[in-house]
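The values are calculated or read from the model by the stated rules, or taken from the named source; none is laboratory data. None of these values were measured; they are calculated from a predicted model. Quick reminder, even Gly has a Cβ in these numbers, built from the backbone with ideal geometry, and neighbours come from all protein chains shown. Side chains included, ligands, DNA and RNA excluded: accessible areas come from the protein's heavy atoms. Shrake-Rupley method; radii C 1.70, N 1.55, O 1.52, S 1.80 Å.
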Amino acid sequence: MNAKGKVVPLDGTPTIFLDIDGVMRPLAEGRGDATSDWLESAVTTLKMVVKTKEANIVLSTSWRLSAAEPVRKHLKQCGLPEPVGSTASLSAREDEILQYVEMHCLSTWLALDDAQLDLPPAHFWRVDHEACLSLDDAPEILSRLQPSQVSVFSSCCAIT
């Protein structure tokens, strides 16, 4: 909603919901902090997708709760834009992402995660937690970050 309490129109800016473990760095128990062991191939792929689509990043990783600032700084050091936000802490990651989508009336969005999430297939790409994000993933990610004419939430479709 805008300052006058009216529902704002859909925001067409592509948005990526980003997990870290298993997406940007291999999934492993007890391996350093949120900014260690990021794979160059994952960084390169994310940079290419963000640049090509002029996409925003929203942190959906559990690291947003304990290390959001180091992750933000590390993204910037890697040549990526700072995240525009983070999802809230709810019972399930799907709920966190969908709440953010609804609150911000997003129409073009994609969750990158190594866990199987119960999200609409057009808005989710499951990353191999061992290989992490790679250029092999890029074509499908780019194709899924296409503008949508409708939101998954009907309340977002009202125009001010």
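What to note about this one:
- In region 37-78, the qualifying residues are those that are under 13 Å from the mean Cα position of the chain (by Cα), open to solvent by less than 10 Å² (accessible area, probe 1.4 Å) and polar (S, T, N, Q), and the one that is farthest from Glu102 (Cα to Cα) is Thr61.
- Among (1) in contact with a helix residue (DSSP H, G or I) (Cβ under 6 Å, 6 or more places away or on another chain); (2) open to solvent by less than 20 Å² (accessible area, probe 1.4 Å); (3) not in a loop (DSSP other than H, G, I, E, B) - the single one Leu117 does not satisfy: (3)
- Failed item, numbered, when Pro81 is tested on (1) over 11 Å from the mean Cα position of the chain (by Cα); (2) closer than 15 Å to Thr15 by Cβ; (3) outside any loop (DSSP other than H, G, I, E, B): (3)
- Selection count, region 57-69, where residues are out of contact with any helix residue (DSSP H, G or I) (no Cβ under 8 Å at 6 or more places or on another chain) and outside any loop (DSSP other than H, G, I, E, B): 4
- Within region 86-107, being without any contact (Cβ under 8 Å) to a residue 40 or more places away in the chain, in contact with a helix residue (DSSP H, G or I) (Cβ under 7 Å, 6 or more places away or on another chain) and outside any loop (DSSP other than H, G, I, E, B) holds for one residue alone: Ser86.
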